[in-house]
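J.: I am attaching a structure below and will ask some questions about it afterwards.
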Amino acid sequence: MLYNLITIFPEILDSYFSQAILARAIKNKIITIKAHNLRIFGYGKRKNVDDAPYGGGPGMILQIEPLYKCLKSIKRLKKSKVILLDPAGKQFDQKMAVKFSKQDQLIFICGRYEGFDARITKFVDEKISIGPFVLSGGELAAATIIEATARLLPGVLGSAESISYETFSGKKNEVVEHPQYTRPEIFQKQRVPKILLSGDHQKIKAWREKKQK
């Protein structure tokens with residue numbers, strides 16, 4: 001899977017991508033993450049990529065021409081989607097993660113400032129939000145989608161079985177994971193349920209199914 005990020009801060013996620021699951025996936029060449037500096041396509045000596053909105057209003061808007069040029073500079077694979085990270089977009093969920101994980105390439109347009117010229121929407125496949133709240137930019141939203149999709153790819157997690165038992169992995173995208181416990185058996189008078197210590201795997205399975213939400 002190839003992930004491309006269009007951003008004015010191309011190094012902002014380097015630390016996150018250099019750790020844990022994603023770092024191993026990159027090292028094992030299961031995924032590739034490339035950040036593209038929008039300012040390369042900016043105007044003038046200062047490589048400006050934003051301007052005041054027509055009609056007035058607060059803040060600055062990312063301009064259409066640098067966004068378009070940067071997007072066009074990215075080589076598209078056969079199975080690819082361009083995702084505009086937008087608070088007004090469809091809310092991301094596990095069902096979307098599964099759908100996106102079947103692509104060969106995801107291209108993210110990460111907004112900043114007060115937003116972006118609305119004409120960029122003509123060139124995207126999906127407008128996605130990670131929740132009903134506002135961030136300063138789309139980079140964290142992109143990282144969320146990257147991790148949610150990458151961990152579904154073969155070889156990224158240690159056990160393929162663990163995915164099928166996770167929260168939101170049910171047929172209707174509902175929460176399904178049961179409560180889990182590990183050592184010590186007693187902590188501040190809280191005991192691990194006796195059924196989990198019984199060794200009776202059929203009863204344990206039945207208990208877990210009952211506790212699924």
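J.: Does Ala141 satisfy the condition of being within 18 Å of the chain's Cα centre (by Cα) and hydrophobic (A, V, I, L, M, F, W, C)?
T.: yes
J.: Restricting attention to the range 92-108, and to residues there that are touching a residue at least 12 places away in the same chain (Cβ under 8 Å) and in a helix (DSSP H, G or I), which single residue is surrounded by the fewest Cβ atoms within 10 Å (Cβ to Cβ)?
T.: Among them, the one singled out is Lys95.
J.: Identify all residues within the range 109-161 that are polar (S, T, N, Q) and assigned to a helix (DSSP H, G or I); write none if there are none.
T.: Once the filter is applied, which keeps residues that are polar (S, T, N, Q) and assigned to a helix (DSSP H, G or I), the range 109-161 yields Thr121, Thr144, Thr149.
J.: Kindly provide the set of residues from the range 28-76 that are charged (D, E, K, R) and not in a loop (DSSP other than H, G, I, E, B), ordered by number.
T.: Lys34, Arg39, Asp50, Asp51, Glu65, Lys69, Lys72
J.: Restricting the range 121-140 to residues that are of a type outside the set (D, E, K, R) and exposed (fewer than 11 other Cβ atoms within 10 Å of the Cβ), which is modelled with the lowest pLDDT?
T.: Applying the filter and picking the extreme gives Val134.
J.: Sticking with this structure for a sec: Name every residue in the range 187-213 that is loosely packed, with under 10 Cβ neighbours inside 10 Å and either within 35 Å of the chain's Cα centre (by Cα) or within 19 Å of Glu177 (Cβ to Cβ) (or both), in order of residue number.
T.: Selection gives His201, Lys210.
The values are calculated or read from the model by the stated rules, or taken from the named source; none is laboratory data. Keep in mind the model is a prediction, meaning the values are calculated, not measured. With ideal geometry, Cβ positions are generated from the backbone for all residues, glycine too; neighbour counts draw on all protein chains shown.
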